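Before any comments, here is the structure.
Nothing in this text is a laboratory measurement; each read-out follows from the coordinates by a stated rule. This is a predicted model, so every value here is computed, not measured. Because the Cβ atoms are built from the backbone with ideal geometry, glycine has one as well, and the counts that use them run over all protein chains shown.
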Amino acid sequence: MHYEIIVVGGGHAGCEASHIAAFMGHKTLLITMNKKNIADMPCNPSIGGTAKGVIVRDIDALGGLMGKVADESHFQIKMLNSKKGPAVQSLRCQADKRTYPQNMLKRLEETKNLSIKEATVEDLIVENAKIKGVILKDGTKIMCDALILTTGTYLKSNILIGSSNKVGGPHGEKRSDFLSDNLKKLGFEIQRLKTGTPPRIKASSIDFSECQEELGDNKYYTFSHDDQPKYKIEEQQKCYLIYTNAKTHQIILDNLNKSSMYGGYVTGIGPRYCPSIEDKIVRFKDKERHQLFLEPESMYYDEWYLQGFSTSMPEDIQEQMVHSLKGLEHAILTKYAYAIEYDAINPLQLKPTLETKIVENLYTAGQINGTSGYEEAAGQGLIAGINAALKLQNDEPFILKRNESYIGVLIDDLVTKGTKEPYRMLTSRAEYRLLLRHDNADLRLREYGYKLKTITQEMYKNYQKRLEDIASLKEFLKNTKLEITPEVKEIFTKNNINLPLNKTSYFELLKRPEITLDFLKLFTKIDYPIDTEEEVSIDIKYAGYISKMQKEIEKMLKLEEKQIPPDIDYDKIANLASEARQKLKEVRPLSIGQASRISGVNPADIAILAIYLKKEYSKNE
Amino acid sequence: MEEDTIVAISTSMGVGAISIIRLSGKDAISIANSIFKGPDLTKVKSHTINYGYIMDKDEIIDEVLVSVMLTPKTYTTEDVVEINCHGGISTTNKVLALTIKHGARLAEPGEFTKRAFLNGRINLIEAEAVSDLISSQSEKQRKMAINGLNGRLTKIVEDIVTKITNIIANIEVNIDYPEYEDAIEVTPEYLKAELENIESDLVKLKSNSEMGKIIKKGLDIALIGRPNVGKSSLLNAFLNEDKAIVTDISGTTRDLIEAQTQINGIAVNLIDTAGIRESNNLIEQLGITKSKELINTADLIILVLNNNEELTPLDKELLSSITNKKSIIFVNKNDLPTKIDTTGLDIVKGNTKTLDGIEPLINKITEMYNLDKLESKDNTYLSNIRQINLVEEALKDITSAIQDTDNQIPVDMLEIHLRSAWEKLRSLIGDTYEDELIDTLFKNFCLGK
């Protein structure tokens, strides 16, 4: 059996990777241990969130599936940070754990060139440091030209609850026992990571009258640029907010040594941004209470997710802890919280295309690369899939820059800085986030999608329509002037806004911080899609900030343009600090810009490197 | 590309009984060893002092102590050898020549420090301070340079950077975890208070650096006024006090006379538009142009007026030209009847012939620049243009951020200014802080699922 591209693992990375590779015309096989777990959400029942919501839109702009499947599978959607500035707003939906995987599977099955097979991969066939195929648990060999590993947390995973330590993946699934050892044999550095998930509660056992309601947004939103909303605002499902209390804290402190973490049963490194409840209570002793959110797992399950209550306490203590919470006094735990340890590779062994440096045509994406989160995984899967396809087509690789997409930031961070804990995307990691907004994802990326042939004609048309809309709205705002009539004057006074000069253009008015496009709608009819209106307002209102950032980007891009030859011998450069030399050898950055982002390489080292390059390589120019 | 070995006499020539010759580079030890009779320097332990002779073939040149310091714990982080010579200038020169003959290269000024910087031994401010130290001439300059070297300036900038980091971290937590109450909400009031605090730190740093410039370069005082009001005699009056030398500056600036003196140990450069004596209109015009140029470049202007004459149109023009500058009006010739009307003007009256009024004038200058207090102030001056520019730009960013809080600009936008200031101050101390922000974020706040 032979496929051009094989993807191992049917999680969020694997779905995007296999779909896009097949979409680009390559005969692709997706191997999963269990078809039921395609696009599984083993942790929180939501897609998106700060920064992550923008990743979903970026994926969509490039032809990925996550946004479209989320749009047809959620029961609540919300724009986060809507009261803050434009640079940080982000969508999050409560995705249905039953329909999301179903809808994803359906789309994959409808994808041309894509086959799906249930099996466990335990070894790779590598010849002359080039991937040739995989060996399944039953010994079957399947050959391929490129392989993408998206194995998630299934590499030698252990589930920990208190002192119990069971071999296996999420949902009691089997783990892959030998693949990570075989990767190690090929020369990969393997690290052990840890993550956790909170308990699930039977909905009918919760007294919701004690909980505070958390509602969805009252505006219509979609992740995908191509979708119309498929829900009704008033039909959105509620979530709830509750708090821990002194009793909860006491139970945890009294039983601390029984938890896997504090009892010393865990070796993996867990993420700081996803601490267990015991961690929060130990580290932040002064806090009287911590927030917890109750979120439905699915409209089809009688099961709720208790966000903020991840723990590795034994089952009996978990019962006590949950019962100490208001409204959950009689709660029935349908699944206990657990910690999971798993093997991941050191992402410094990857190129920015997500191809490994050690084995040619082998790509990795998602949690195997040390990241955390569905969206982070999906973004990488997409890039790995695109690049695997491009490589087989003998085309230039596709690398997103830090000023182009959160996915670019994510991958650059991974392959430049590495990670010792599961990496989560945060807006603070993106220095150019004012440009990486959710409202302009298509403007940033659709052109790439068109060139790479990862989007349909229809998607490209939607984008062109958007460009036209933006231009026409800007034109309208420039050409329309506000006449100060008594009525206009009254509206300004009522809103406590200083009256402008007569016949000031709407464009100029919008520059004032206190005047929004919605305010201008009081005087004239403006009816464009919400994203277009947002995009244009931001462009006008924050032009000064945007141009300040553009200047920073120009500086950065200049450094990115200074390429470092792949054959550079860092031992030949005198005066490099030894730590810098070692890091440069490990990362092998493609440009001075990337080199300057490596931790442990200081500006003096960069200066020396730049001088060396000039001396050694400018002769041939 | 291997760095070659450099050598220089690192003590002042002719001063003191001992001269030190310093070698740095991969051949430093073998070069020293080849002209040394005593223990085998290639075999001695690091950081030892070795007694012996410097030999030119069979001839003893000097009796010396040789310090051997092996990489990396040395000033340049390279192998360093220091030869302590006892034999005066000519012997020292001979030893130097010998090291060059055996393969060392005469170092360029500041090259040892440059290597120390490039090798990561010292940061940028320290490196700049070292170069200042090398070229410093007065004790105050030296103190200032050493101060930079000790990292006191670095510490001050670091403290400001930390303050900005905390604000950014607070903003970030608000953004990345919008639904968590654990984070302090970043309100305009909170921001404004914090930003104004940082603004005042930067203003202090900036005004201190203006002082730093005065300490380093001296205070430029321009004497302006019509011909024959007594500028030159005022200049001489200053000089009589301090016995400094008047020098003609050659070339096109022949018309300017510059003299140097000191006030409370601070160098003062007096510049006089002398030589413009004729009342020929054209030349007088030229004199005014020159005076105007001086008004722009000098730190302080002394406008000299004649007590015995009424204000002329030229006087009035000069008076109006100094309104926005630091200036003192000196009314000369108080021995003659007062014809001048100085109502509304803050003046010092005096007489350059009797030296009457010179002391009040000096006191006024001292007061204006706190010259008497410069000594005791903590010497945290930025001392070069790059540093000062960076601080000024950072200050501009902070000011914009404060304006933004007033205009109710969202925090994430305003943060762009903060980040910009942050980057500049970080580049001022020439350092990287990988993940510092993220670390602060997670150290101070309790977040996540």
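Determine, for each peptide in B:196-202, A:583-589, B:354-360, the mean count of other beta carbons within 10 angstrom over its residues, then list the peptides with the highest first.
Working: B:196-202: 17.1, A:583-589: 19.4, B:354-360: 15.0.
Descending mean neighbour count gives A:583-589, B:196-202, B:354-360.
Hey, can you list the DSSP H helices of chain A whose Cα span along the axis is 18 Å or longer and whose average Kyte-Doolittle score is at least 0.0?
Both cut-offs are met by A:374-392, A:603-617.
Can you tell me the FRET efficiency between A:Asn182 and A:Lys465 if r is taken as the Cβ-Cβ distance and R0 is 30 Å, rounded to the nearest 0.05?
Values: r = 49 Å, r/R0 = 1.65.
According to the calculation, E is roughly 0.05.
Please work out the FRET efficiency for the pair A:Ala610 and B:Ser200, using the Cβ-Cβ distance as r and a Förster radius of 56 Å; give the result to the nearest 0.05.
On the way: r = 37 Å, r/R0 = 0.67.
Given R0 = 56 Å and the Cβ-Cβ separation, E is 0.90.
If we sort A:502-514, A:239-251 on the protection proxy, mean other Cβ atoms within 10 Å, highest first, what's the order?
Output ranking for A:502-514, A:239-251: A:239-251, A:502-514.
Can you list residues whose amide H is under 5 Å from A:Thr371's amide H, if they're 5+ apart or on another chain and H is modeled 1.01 Å from N?
For A:Thr371, whose amide H was placed from the backbone, the distant partners under 5 Å are A:Tyr423.
In nm, to one decimal, how far is the modelled label at A:Leu256 from the one at B:Lys101, with both set 7 Å along Cα→Cβ?
Distance between label points: 7.4 nm.
Take each of the peptides A:524-533, A:55-64, A:538-547, average the number of other beta-carbon atoms within 10 Å over its residues, and list them starting from the highest. Let's see the in-between values first.
Working: A:524-533: 14.3, A:55-64: 30.2, A:538-547: 17.4.
By packing density, highest mean first, the sequence is A:55-64, A:538-547, A:524-533.
If I stretch the segment between A:Lys521 and A:Val167 completely, what's the gain in nm (0.36 nm per residue apart, minus their alpha carbon distance), one decimal?
Details: separation 354, 0.36 × 354 = 127.44 nm, distance 6.06 nm.
Value of the extension gain: 121.4 nm.
From the Cα gyration tensor of region B:6-121, with a ≥ b ≥ c the square roots of its eigenvalues, which class applies: rounded if a/c is under 1.5, or else prolate if a/b is larger than b/c, or else oblate? If you can, show how the numbers build up before the last one.
Working: a/c = 1.70, a/b = 1.27, b/c = 1.35.
Cα axes put region B:6-121 in the oblate bin.
Using only alpha carbon pairs under 8 Å that are at least six residues apart, calculate the relative contact order of chain A and give it in whole percent. Working shown, then result.
Details: 1277 pairs, mean separation 102.9, N = 621.
About 17 percent, as a whole number.
Past 19 Å, Cα to Cα: identify those pairs from A:Lys481/A:Lys541; B:Lys231/B:Lys292; A:Lys420/B:Lys163; A:Lys52/A:Lys401, in the order given.
On the way: A:Lys481/A:Lys541 17 Å; B:Lys231/B:Lys292 15 Å; A:Lys420/B:Lys163 27 Å; A:Lys52/A:Lys401 17 Å.
Those over the limit are A:Lys420/B:Lys163.
Where the centroid of each part is defined by its Cα atoms, how far is region A:371-429 from region A:263-278 in Å?
25
Provide the gained length on full extension for the span A:Ser591 to A:Thr334, in nm with one decimal, where the gain is 0.36 nm per separating residue minus the Cα-Cα distance. Don't skip to the answer; put the middle values down first.
Details: separation 257, 0.36 × 257 = 92.52 nm, distance 5.15 nm.
Result for the pair: 87.4 nm of gain on full extension.
If you take the square roots of the eigenvalues of the alpha-carbon gyration tensor of region A:350-433 and sort them as a ≥ b ≥ c, do you get rounded (a/c under 1.5), prolate (a/b over b/c) or oblate?
On the way: a/c = 1.92, a/b = 1.43, b/c = 1.35.
Judged from the Cα gyration tensor, region A:350-433 comes out prolate (a/c at least 1.5, a/b above b/c).
How much length would be gained if the chain were fully extended between A:Asp316 and A:Thr267, taking 0.36 nm per residue of separation minus their Cα-Cα distance, in nm to one decimal?
Details: separation 49, 0.36 × 49 = 17.64 nm, distance 2.32 nm.
This chain segment gains 15.3 nm when fully extended.
Just from its helices, what would the mean residue ellipticity at 222 nm be for chain A, if runs of 4 or more DSSP H residues each count -39500 (n - 2.57) and the sum is divided by every residue, rounded to the nearest 500 deg cm²/dmol? Before the final figure, lay out each step's value.
On the way: 20 runs with 217 residues, N = 621.
After summing the helix terms and dividing by residue count, I get -10500 deg cm²/dmol.
Calculate, for A:Lys238 and B:Ser427, the FRET efficiency according to 1/(1 + (r/R0)^6) with r their C-beta to C-beta distance and R0 51 Å; round to the nearest 0.05. Write out the running numbers ahead of the final one.
Details: r = 49 Å, r/R0 = 0.97.
Using R0 = 51 Å, I get an efficiency of 0.55.
What's the average, rounded to a whole number, of partner chain beta-carbon atoms within 10 Å of each residue's beta-carbon in A:79-89?
Values: counts 0, 5, 8, 1, 2, 9, 9, 3, 7, 11, 4.
Neighbouring Cβ atoms belonging to other protein chains average 5 per residue here.
Just report the Cα centroid separation between region B:36-57 and region A:5-28, whole Å.
70
Restricting attention to region A:437-499, which GluC sites (Glu not before Pro) occupy a DSSP loop and are surrounded by at most 16 other Cβ atoms within 10 Å?
On the way: sites: A:Glu447, A:Glu458, A:Glu468, A:Glu475, A:Glu483, A:Glu487, A:Glu490; in loops: A:Glu483.
For GluC sites (Glu not before Pro) across region A:437-499 that sit outside H, G, I, E and B with at most 16 neighbouring Cβ atoms in 10 Å, the list reads A:Glu483.
On the Cα set of region A:112-218, report Rg and Dmax in Å, please.
Rg then Dmax for region A:112-218, in Å: 20.2, 65.
Could you work out the relative contact order of region A:484-621? I mean the mean sequence separation of Cα pairs under 8 Å and 6+ apart, divided by the number of residues, in percent.
Numbers: 86 pairs, mean separation 22.7, N = 138.
Relative contact order comes out at 16 percent.
Taking H placed 1.01 Å from N in the peptide plane, check which residues at least 5 places from A:Lys117 or on another chain put their amide H under 5 Å from its amide H.
Under 5 Å from the amide H of A:Lys117: A:Leu30, A:Ile31, A:Thr32.
Partner chain Cβ atoms within 10 Å, averaged over the residues of B:168-179 - can you pull that number for me? Mind dumping the intermediate values first?
Details: counts 1, 1, 0, 3, 6, 2, 3, 14, 14, 6, 12, 11.
Mean inter-chain Cβ contacts per residue within 10 Å come to 6.
Using label points projected 7 Å from each Cα along Cα→Cβ, tell me how many nm separate B:Glu189 and A:Asn394, to one decimal.
6.9
Expressed as a whole number of Å, what is the distance separating the alpha-carbon centroids of region A:123-196 and region A:510-571?
Result: 42 Å between the Cα centres.
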